[in-house]
Amino acid sequence: MMDVMQPCSWHFLCIQAMHENHLDMEGVALKLFGTMKTNELNHLEIGGCDAVELAKEHGTPLYVMDETLIRENMKLFKNHFVSEKLDCRVVYASKAFLNMAICRIAKEEGLGIDAVSAGELHTSIRSGFPKENIYMHGNNKTEQELEMAVSEGVGRIVVDNLDEVEALARITEEKKLAADVLVRLNPGVTAHTHQYIQTSKHDSKFGESIYGRKIFEIINGILECPGMNLHGFHCHIGSQINDEDPFFEAVSVMADFIKVVEERIGYKARELNLGGGFGVYYSGEDSPIKLSDFMGRLVGHIEEKIERNELSVERVIIEPGRAIVGNAGITLYSVGGIKETYGGKNYIFVDGGMADNPRTALYDACYEAAIANRINESANERYAIAGKCCESGDIIIRDIELPKARKGDLIAVFTTGAYNYSMSSNYNRLARPAVVFAADGKSRVTVKRETLDDLIRNDII
Ligand code: LLP
């Protein structure tokens, strides 16, 4: 189980992915993901590209995504979340990382897209992503977002609350268009993860509790509205979950609730969407679920619950985000200096920080890192890796053992593919880094580095 509140394990650099590459450095195991490896120059390589060359060509800070690993992870879900009895769908939760390039990849690999705002919807649609495979989420979709989702004809709108039922009834009536909907339920399943990313406690802001009365008002409201087709139910119990049990529990609770709905009002759900939340390896604290095995067991449990409750559910959906892109991304930073403090802590200063990765400040997240230009050297110095933002909390890694760092070194921070670029900001008016996809020895820019003029583009004096 990952506990993001724990201090980082600095002595054990490793990574888990569909591929695992181990590199031993005097008792320290560096575990690299996907296509990442060390080359003959003692540099980190990703997607067949030398990290030092990537930094020279594209500058730093730089987000680099291993395109092959993204595709493998998508295929893993597609190939293992399968059933002979049920129509199993995999939807990519784009909040983890979204640009038009990944939409193209999701389309090619046959996944749907979960969008949670007009911005995510616009990005997906403009990339040419098939609208019928888009799931529109959000606990407070604006009228404009609902109108956009209805007019564009997205595959499903996941209704969160009663206000949204009323808004959709009006919009579908006005536009003379139908909306295909699911209702987001809160099944009250507690997953062991950071409290900020738990979503199914009884006081969560997401969805409607299955234990309250209001849920039936919502379901009946939709069933009575001619402009809405109710297909079934959705839940998402949290994120970065490394235990299997909460997922099984969510299936059981949801299946039992679907039965209750059938018995109480005669509505038979045909779709069950279980959300995402599958955890990944960030540091030695994490033992993620082995997804290739787990998917089969999850499907087995779903089938069993559907049969036992004699439900009409025909389609099941999962929405992984982090598990697809998390391990596939690294961030490259240049070292601007080393500071040894009077208090005893030694800092490596990098040219980014909480603006490109707010997760350490926000969740006490732990990351592992390496000096990408001297990757095999033994680690014998302890450092905190700090950014350049005007804030003491601007730390990327609180405590890590690395080879003695020098100004000009290139630091690679691992597992930054999920919720880093997508949560980045312009704090201190730092320009957002470029995003590069690397595969088969070639790199391509999929998001340009922001310029200083980009920063003032919307300013009015
Ligand atoms: N489906 C729904 C409805 C969600 O709300 C989420 C994530 C997902 C799917 C995908 O979850 P994943 O497979 O990526 O765990 N910013 C936080 C994570 C917030 C997740 C929000 N919802 C972080 O950096 O850890």
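The values are calculated or read from the model by the stated rules, or taken from the named source; none is laboratory data. Just so we're clear, the structure is a prediction, and the values are computed from it rather than from any experiment. Here the Cβ positions follow ideal geometry from the backbone for every residue, glycine too, while neighbour counts run over all protein chains shown.
Quick notes
- Taking strands (runs of 3 or more DSSP E) as the structural unit, those lying wholly within region 286-381 and holding at least 1 residues that are within 30 Å of K56 (Cβ to Cβ) and not assigned by TED's automatic domain parsing to the domain that holds A250 correspond to 329-340, 346-350, 369-371.
- Matching residues in region 276-308 - criterion: being β-branched (V, I, T), within 13 Å of the ligand (Cβ to nearest atom) and in contact with a Lys or Arg (Cβ under 9 Å, 6 or more places away or on another chain): V280
- Here K205 clears all of (1) surrounded by 17 or more Cβ atoms within 10 Å (Cβ to Cβ); (2) within 16 Å of the ligand (Cβ to nearest atom) except the condition numbered (1).
- For N273, the conditions (1) closer than 30 Å to E224 by Cβ; (2) polar (S, T, N, Q); (3) surrounded by fewer than 21 Cβ atoms within 10 Å (Cβ to Cβ) all hold with the exception of (3).
- Region 130-155, residues that are small (G, A, S) and either free of Cβ contacts under 8 Å to residues at least 12 places away in the same chain or in contact with a helix residue (DSSP H, G or I) (Cβ under 6 Å, 6 or more places away or on another chain) (or both): G153, G155
- Verdict on N133 being surrounded by fewer than 18 Cβ atoms within 10 Å (Cβ to Cβ), under 20 Å from V183 (Cβ atoms), in the same structural domain as G238 (by TED's automatic domain parsing) and not aromatic (F, W, Y): no
- The one condition in (1) in contact with a strand residue (DSSP E or B) (Cβ under 6 Å, 6 or more places away or on another chain); (2) more than 16 Å from the ligand (Cβ to nearest atom); (3) under 25 Å from S283 (Cβ atoms) that G329 fails to fulfil: (2)
- From the list N229, N273, the lone residue that is within 16 Å of the ligand (Cβ to nearest atom), in the same structural domain as H137 (by TED's automatic domain parsing) and at pLDDT 95 or above is N273.
- Among residues of region 42-59 that are at positive phi, those with a beta-carbon under 7 Å from a residue that is of a type in the set (K, R) at least six positions away or on a different chain give the pairs N42/R374; G59/R449.
- Candidates in region 158-182 are the residues that are part of a strand (DSSP E or B) and away from the ligand (no atom under 13 Å from the Cβ); of these, the one that is nearest to S252 (Cα to Cα) is V181.
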